[in-house]
Amino acid sequence: MTAAPVTLLLTGDVMTGRGIDQLMPTPNTPELYEPCVNDAREYVRLTERASGPIARPVPFDYIWGDALALFERMRPALRIVNLETAVTSSATPWPEKGIHYRMHPAHIGCLQAARIDACALANNHVLDWDRAGLAETLATLRTAGIAAAGAGNDAVQAARPAVLHVADVARVLLFSCAHGSSGVPGAWRASATSSGVHLLPDLGPRTLKELAAQVASARGAGDVVIVSLHWGGNWGHAIGAEQRAFARGLVDAGVDVVHGHSSHHAKAFERYRDRLILYGCGDFINDYESIRGHAAWRGDLAPAYFVVLDGGRLQSLRVALFKAQRLRLRHASMADREWWRDALNRECAGFRTGWTLQGDGLLAAAPA
């Protein structure tokens, strides 16, 4: 089959637990086990003090705000996010972990409202409510018709790609894996006998070779391959030599898009051998609106990446930029878009890439 161009929507972390779960009709009990906050409703109260009241309960499409109309205008063939929340009513948190995210399974409609096709699950929050919470997450997504990758009942399932079908393209394969630098506990690694996530032991040559072999064994002629990687810390633009080598090694092994995330803000991107490497996509949905600190990185700005591939090669890349107001995405201001462009261009300069601001308000990857 000759592959036709395909448009993908990719975002970083979508965190629909905690305060956001409390906005919807049937929230989980609000108990938290954080050092400073023990009630998830406090994140809603803090937001309301900063931005104004939110009438509750909100409909499932509320949190997406202006993004939904933009998604429809851009018409991506697939919508893929890193779901950094357990979808469960489990009451047993993972022990000795400071932050626990969960969304009640009855709220799966918030993902369906945005027509999310697939979720990467290899991250540092999907087992926040222990293995029972993971099992319920997987079952809820499956029942809702949302594909998942990166977690499973054993190591084989966790490493298996989600297989997504698009008209005029053979298949899109979504692999999801994580690295310990993002805060994933080592005990979360799936094994032959226990559930968990696809957790990489390191970013060295042997691990790269093993992941490349998994890609090669699954890929068929005409397939597009995405590897979604949860790696690195929450803050900082630095991209180490080990990450660069690993991402480029994946492309050398036949991966078309490296979809990186973990940092709360966007990082640089690279065009390597006509393939796309997104080193960090930033947060897209969270309940951090009222939380102060780390302002220099502007984690409050939420980018949605629209990637057009032709035979796996990067044809175009654009970003729509949003900012949460009352826990709902709104179009970012022109000043915010200009700040984002200038800040990211400084980081992208080392990769000979960059961004331009278009007349329609979107940011476009500068010509190579």
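The values are calculated or read from the model by the stated rules, or taken from the named source; none is laboratory data. Just so it is clear, the model here is predicted, and its values are computed rather than measured. When we count neighbours, we look across all protein chains shown, and the Cβ atoms used for this are built from the backbone with ideal geometry, even at glycine.
Below is a table of values for the structure above.
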{"read-out": "Test: residue in the stretch 227-237 that is buried (at least 22 other Cβ atoms within 10 Å of the Cβ), outside any loop (DSSP other than H, G, I, E, B), among the aromatic types (Phe, Trp, Tyr) and touching a Leu at 6+ places or on another chain (Cβ under 9 Å)", "value": "no"}
{"read-out": "Among residues of the stretch 150-179, those that are buried (at least 20 other Cβ atoms within 10 Å of the Cβ) and over 15 Å from Ser217 (Cα atoms), counted", "value": "10"}
{"read-out": "Residues that are under 21 Å from Phe284 (Cα atoms) and charged (D, E, K, R), drawn from the stretch 8-43", "value": "Asp13, Arg18, Asp21, Arg41, Glu42"}
{"read-out": "Subset of the stretch 208-226 (residues that are without any contact (Cβ under 8 Å) to a residue 60 or more places away in the chain and surrounded by 14 or more Cβ atoms within 10 Å (Cβ to Cβ))", "value": "Leu208, Leu211, Ala212, Gln214, Val215, Ala218, Arg219, Asp223"}
{"read-out": "Scan of the stretch 290-309 for residues that are touching a Ser or Thr at 6+ places or on another chain (Cβ under 9 Å) and not β-branched (Val, Ile, Thr), ordered by number", "value": "Ser290, Trp297, Gly299, Ala302, Pro303, Ala304, Tyr305, Phe306, Leu309"}
{"read-out": "Filtered residues of the stretch 203-226 (kept if part of a helix (DSSP H, G or I) and of a type in the set (Lys, Arg))", "value": "Arg206, Lys209"}
{"read-out": "Residue selected from the stretch 262-281 under the condition closer than 15 Å to Gly350 by Cβ and without any contact (Cβ under 8 Å) to a residue 60 or more places away in the chain, by the criterion surrounded by the fewest Cβ atoms within 10 Å (Cβ to Cβ)", "value": "Tyr272"}
{"read-out": "Odd one out for Leu329 among (1) farther than 30 Å from Val58 by Cα; (2) buried (at least 17 other Cβ atoms within 10 Å of the Cβ); (3) in contact (Cβ under 8 Å) with a residue 24 or more places away in the chain", "value": "(1)"}
{"read-out": "Selection within the stretch 242-285 - in a loop (DSSP other than H, G, I, E, B) and of a type in the set (Phe, Trp, Tyr)", "value": "Tyr279"}
{"read-out": "Single residue of Tyr305, Tyr288 found to be assigned to a loop (DSSP other than H, G, I, E, B) and among the aromatic types (Phe, Trp, Tyr)", "value": "Tyr288"}
{"read-out": "Among (1) farther than 23 Å from Tyr62 by Cα; (2) assigned to a strand (DSSP E or B); (3) of a type in the set (A, V, I, L, M), the one test that Ala335 misses", "value": "(2)"}
{"read-out": "Flag if Val44 is under 17 Å from Lys323 (Cα atoms), in contact (Cβ under 8 Å) with a residue 24 or more places away in the chain and in contact with a helix residue (DSSP H, G or I) (Cβ under 9 Å, 6 or more places away or on another chain)", "value": "yes"}
{"read-out": "Residues that are farther than 19 Å from Ile239 by Cβ and in a helix (DSSP H, G or I), drawn from the stretch 345-368", "value": "none"}
{"read-out": "Check on Tyr305, at pLDDT below 95 and under 18 Å from the mean Cα position of the chain (by Cα)", "value": "no"}
{"read-out": "Leading residue by the ranking (surrounded by the fewest Cβ atoms within 10 Å (Cβ to Cβ)) among those in the stretch 180-207 that are in contact (Cβ under 8 Å) with a residue 60 or more places away in the chain and in contact with a Ser or Thr (Cβ under 7 Å, 6 or more places away or on another chain)", "value": "Ser182"}
{"read-out": "Qualifying residue in the stretch 173-190 (condition: over 25 Å from Trp129 (Cα atoms), out of contact with any helix residue (DSSP H, G or I) (no Cβ under 8 Å at 6 or more places or on another chain) and of a type outside the set (Val, Ile, Thr))", "value": "no"}
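This table checks each residue for (1) within 20 Å of Thr7 (Cβ to Cβ); (2) touching a residue at least 60 places away in the same chain (Cβ under 8 Å).
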| site | (1), (2) |
| --- | --- |
| His125 | no, yes |
| Thr143 | no, no |
| Gly152 | no, no |
| Ala167 | yes, yes |
